[in-house]
Amino acid sequence: MNSIAASEKKDVRVKIQKFGRFLSGMVMPNIGAFIAWGLITALFIPTGWIPNENLSKLVGPMIINLLPLLIGYTGGKLVGGNRGGVVGAVSTMGVVVGADVPMFLGAMVMGPLGGYVIKKFDESIEGKVKSGFEMLVNNFSAGIIGMVMAILAYLAIGPVVLSLNNILKAAVEGVVNAKLLPLVSIFVEPGKILFLNNAINHGVLSPIGVQQAKELGKSIFFLIETNPGPGLGILLAYLAFSKGSVRQSTPGAIIIHFLGGIHEIYFPYVLMNPALVIAVIAGGASGVFTFMILNAGLVATPSPGSIFALLAMTPKGGFFGVLSGVAVSTAVSFLVASIFVKRSAEKQSEEELENATAKVKELKNKKEEKVDIDGLVTKIVVACDAGMGSSAMGATKLRKKIEKAGLDIVVVNTAINDIPDDADIIITHKSLTERAKTKAPNKKHISIDNFVSTPIYDELVEELKKKVSTVNNYNVKKNKEDNNSNQEVLDKKNIKLGLKSVSKKEAISFAGKLLVNSGCVNDDYIEAMHQRESMLTTYIGNGVAIPHGSSEAKENIIKSGIVVLQYPQGIDFGEGNKAYLVIGIAGKGNEHLSILSNLASTLEDESLVKELSQTNDVDKVYNILMKK
C-alpha cells in the first residue's frame with residue numbers, strides 16, 4: 001500500500017511539474033516583450049525616470065492587448081502548431097476585449113483551448129478534403145473557429161475568468177495585507193532547487209506581478225523568485241568554511257550566479273547538503289519581509305535574475321529597498337548555511353561537488369541513462385526552457401571538454417522550441433526530455449539531472465572519441481557520412497513497383513509517408529506537399545510527377561531523400577496528364593534543386609521513362625535513377 005501511495009504521489013508531482021512548465025512555456029518566449037513594457041513603464045510614466053506623456057501612452061495598450069495576445073498565441077502554438085497559435089490569439093482577443101484588466105489568466109486558458117480545438121478539427125478532416133480545396137478549407141476553418149472561440153470567450157468564458165481573476169487578486173492582496181507573503185518562500189525556494197524556478201517565476205509570479213505593476217507601477221512579486229540573495233549566501237558560506245575543490249569552485253559560481261543571473265549554479269551546493277534548504281528558505285523569507293517593510297518592487301520581471309537585471313527593472317527611488325532586501329536575504333542565508341557547512345566541512349571529500357548529481361537521484365528517484373551514440377556527430381544542442389541560464393552553462397562546460405578532446409563538433413544552447421533541424425544530439429534536463437522529443441522526434445536525446453555537475457558530459461566525450469577515426473574522419477560533410485560509405489538519397493525499400501492506381505492525393509500522401517518512415521521529414525511535410533500541389537502541379541511531363549513541399553516546408557526536412565512509386569496504369573494529375581512514375585522529393589538546404597535537376601535530366605528520355613514505368617526490377621530503377 002505504501003508503494004502504491006508513493007507512486008500516486010509521484011504521479012501527482014509529475015503532473016504538477018508538467019503543468020507548471022506548460023504555464024512557463026507560454027510566458028518564457030515572450031519575456032523580451034515583458035521587459036520592453038517594463039522599461040517603457042520605468043522611463044516614461046509620470047513617476048518614471050524621464051516622464052513623457054506622449055510615450056507613456058504605450059504602457060496601457062501593451063499590457064492590456066499585446067502581452068495577453070502574445071501569451072495566447074504561444075499557448076495555442078504549443079498545442080496546435082502555427083495554426084493553433086493564430087486561433088489561440090484570436091480566441092484570446094475575446095477575453096481581452098471583455099475586460100479592463102490584463103487578462104493573463106484568460107490568455108493562459110483561451111490560447112491553449114483555441115490551439116486544441118483547431119488541432120482536433122485538423123485531425124478530423126485529415127485525408128477527407130478534395131484535391132484543390134486544401135487552402136480554402138485551411139484558411140476558412142481557422143477563421144470560422146477563431147471567430148466562434150472569440151465570441152465564446154467574450155460572452156461566456158471571459159466573465160468567468162474575470163471573476164476568478166478578481167478572486168485571485170483578492171487572495172493575493174489578503175496574503176500581502178496579512179503580512180504572510182514571506183511564507184511563500186517555504187514553497188518557492190525548495191521548488192527552485194528541483195528546477196521549477198522558471199515555472200514558478202514565469203508561470204505564476206510574473207502574471208500576478210504584471211497586474212499589480214499596472215496599478216501600482218511596481219510589484220514585489222517580481223522579486224520573490226529572482227532575488228539572488230539566498231543563493232549568494234549559500235555560496236559565500238561554502239567559500240568561507242568548506243575545503244578542497246568545493247571551496248575552489250565557489251568564486252566562479254558566485255560570479256555566474258550573482259552577476260550572470262544563472263541561479264541553477266548554486267543548486268548542486270544545496271543538494272550536497274540538503275539541510276541547506278533551511279538556509280535558502282530563511283534567506284528568501286527575510287528578503288521578502290524586507291521588501292515588504294521598505295515597499296520595494298520592480299516594474300517587470302528581471303530575466304535572468306542577475307543583480308544587474310534587478311537594478312535595471314527597479315523604478316525611480318526604489319534602489320534602497322531592492323538592495324536592502326537582497327543584502328538581508330544574503331546575510332541570513334549565509335548565517336544559517338554557515339552552521340551546516342561548518343559541520344560537514346571535515347567530512348567533505350574532493351569529489352563531493354561532482355557527487356551532487358547522486359543527491360539529485362536520491363531526491364528524485366531517477367537514474368541517468370547510459371550514453372550510447374550511433375554514427376558520427378557534428379552538432380550537439382543543450383536545451384532548456386528559455387535557451388539561456390542552465391543550458392548556456394551546460395553548453396559552455398561541454399564545449400570546453402569537446403575542444404580539449406580535439407573533436408570538431410559544434411555545441412550550442414537553445415530553447416526547446418528552437419532546437420535546430422541539424423542537431424544530432426540533444427541534451428536536456430530529465431523533466432524536459434519529453435517536450436524535447438516532441439519537438440525533435442528523430443534525434444538522439446540524452447537526459448541529465450544537472451546541467452553543471454553531471455558525469456554524462458565526460459561519458460559523452462569518451463563515447464564520441466571512440467567514434468572518431470584516426471584519419472580526421474570527424475570532419476563530417478553536410479550529407480552526414482557514416483563510417484564506411486556515403487548515405488544516398490534513395491533507398492531500395494522506397495522503390496514501390498506495380499502499384500494499383502489511386503487518386504493523386506492518395507499517391508502524394510503515400511510518397512510523404514514513405515519519406516516520414518525513412519526519417520527524411522516530419523509529418524507536417526506531407527501537408528506541405530499537398531499545399532504545393534494545390535498551388536501548381538508537380539507533373540513535369542513524360543508521364544512523371546515529382547511532388548515535394550514548398551520552400552516554407554524546409555524546416556520540416558530532416559535529411560534529403562526520394563521515394564519512387566510506379567503506377568503502370570497511371571494516375572490522373574489533372575488537365576489530361578497521366579503520371580506513371582510519382583517521385584516524392586525532400587531536399588535539405590539547397591539539395592532540393594540539385595535533386596530536381598538530376599532527375600529532370602535523367603527522365604527527359606521518353607523511352608527510358610516508359611521502361612521505368614513497366615519494369616518489375618527494383619535494381620534497374622535504382623541503377624538508372626542513381627547513376628548521377
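The values are calculated or read from the model by the stated rules, or taken from the named source; none is laboratory data. These figures come from a predicted structure and were not determined experimentally. Glycine gets a Cβ as well: all are built from the backbone with ideal geometry, and neighbour counts include every protein chain shown.
Brief remarks on what is shown
- For Glu575, the test of being acidic (Asp, Glu) and out of contact with any helix residue (DSSP H, G or I) (no Cβ under 8 Å at 6 or more places or on another chain) is passed.
- Test: residue in region 142-149 that is over 22 Å from Asp100 (Cα atoms), touching a Lys or Arg at 6+ places or on another chain (Cβ under 7 Å) and part of a loop (DSSP other than H, G, I, E, B): no
- Cβ-Cβ under 9 Å pairs, at least 6 apart or on other chains, region 41-70 side at negative phi and at pLDDT below 85, far side of a type outside the set (A, V, I, L, M, F, W, C) and loosely packed, with under 13 Cβ neighbours inside 10 Å: Pro46/Glu53; Thr47/Gly317
- Residue match in region 364-373 (condition: closer than 21 Å to Asp458 by Cβ and at pLDDT 80 or above): no
- Here Pro302 clears all of (1) within 23 Å of Leu235 (Cβ to Cβ); (2) not acidic (Asp, Glu); (3) not in a loop (DSSP other than H, G, I, E, B) except the condition numbered (3).
- All told, Val516 meets the bar of being modelled with pLDDT of 80 or more and either touching a Cys at 6+ places or on another chain (Cβ under 6 Å) or assigned to a helix (DSSP H, G or I) (or both).
- Among the residues listed as Ser333, Ser303, the single one being within 26 Å of Lys243 (Cα to Cα), surrounded by 24 or more Cβ atoms within 10 Å (Cβ to Cβ) and not hydrophobic (A, V, I, L, M, F, W, C): Ser333
- Among the residues making up region 205-217, those that are under 12 Å from Thr301 (Cβ atoms) and of a type outside the set (S, T, N, Q) are Leu205, Pro207, Ile208, Gly209, Val210, Ala213.
- Within region 520-536, the set of residues being surrounded by fewer than 22 Cβ atoms within 10 Å (Cβ to Cβ) and either at pLDDT below 80 or touching a strand residue (DSSP E or B) at 6+ places or on another chain (Cβ under 8 Å) (or both) comprises Arg532, Met535, Leu536.
- Residue among Lys493, Lys500 that is surrounded by fewer than 14 Cβ atoms within 10 Å (Cβ to Cβ), more than 32 Å from the chain's Cα centre (by Cα) and free of Cβ contacts under 8 Å to residues at least 40 places away in the same chain: Lys493
- Residue in region 294-301 that is farther than 17 Å from Ser206 by Cα and more than 26 Å from the chain's Cα centre (by Cα) present: yes
- For region 222-254, a residue qualifies if it is surrounded by fewer than 24 Cβ atoms within 10 Å (Cβ to Cβ), in a helix (DSSP H, G or I) and not hydrophobic (A, V, I, L, M, F, W, C), and the qualifying residues are Gly244, Ser245, Arg247, Gln248, Ser249, Thr250, Pro251, Gly252.
- Only one of the numbered conditions (1) more than 29 Å from the chain's Cα centre (by Cα); (2) loosely packed, with under 13 Cβ neighbours inside 10 Å; (3) within 23 Å of Gly84 (Cα to Cα) is not met by Ile167, and that is (3).
- Candidates in region 405-431 are the residues that are in contact (Cβ under 8 Å) with a residue 24 or more places away in the chain and more than 24 Å from the chain's Cα centre (by Cα); of these, the one that is farthest from Gly519 (Cα to Cα) is Ala405.
So that you can scan it fast, the table gives a plain yes or no per residue for (1) modelled with pLDDT of 70 or more; (2) charged (D, E, K, R); (3) in the same structural domain as Ile224 (by TED's automatic domain parsing):
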residue	(1), (2), (3)
Leu335	yes, no, yes
Glu346	no, yes, yes
Ala386	no, no, no
Leu398	yes, no, no
Asp424	yes, yes, no
Ser431	no, no, no
Lys443	yes, yes, no
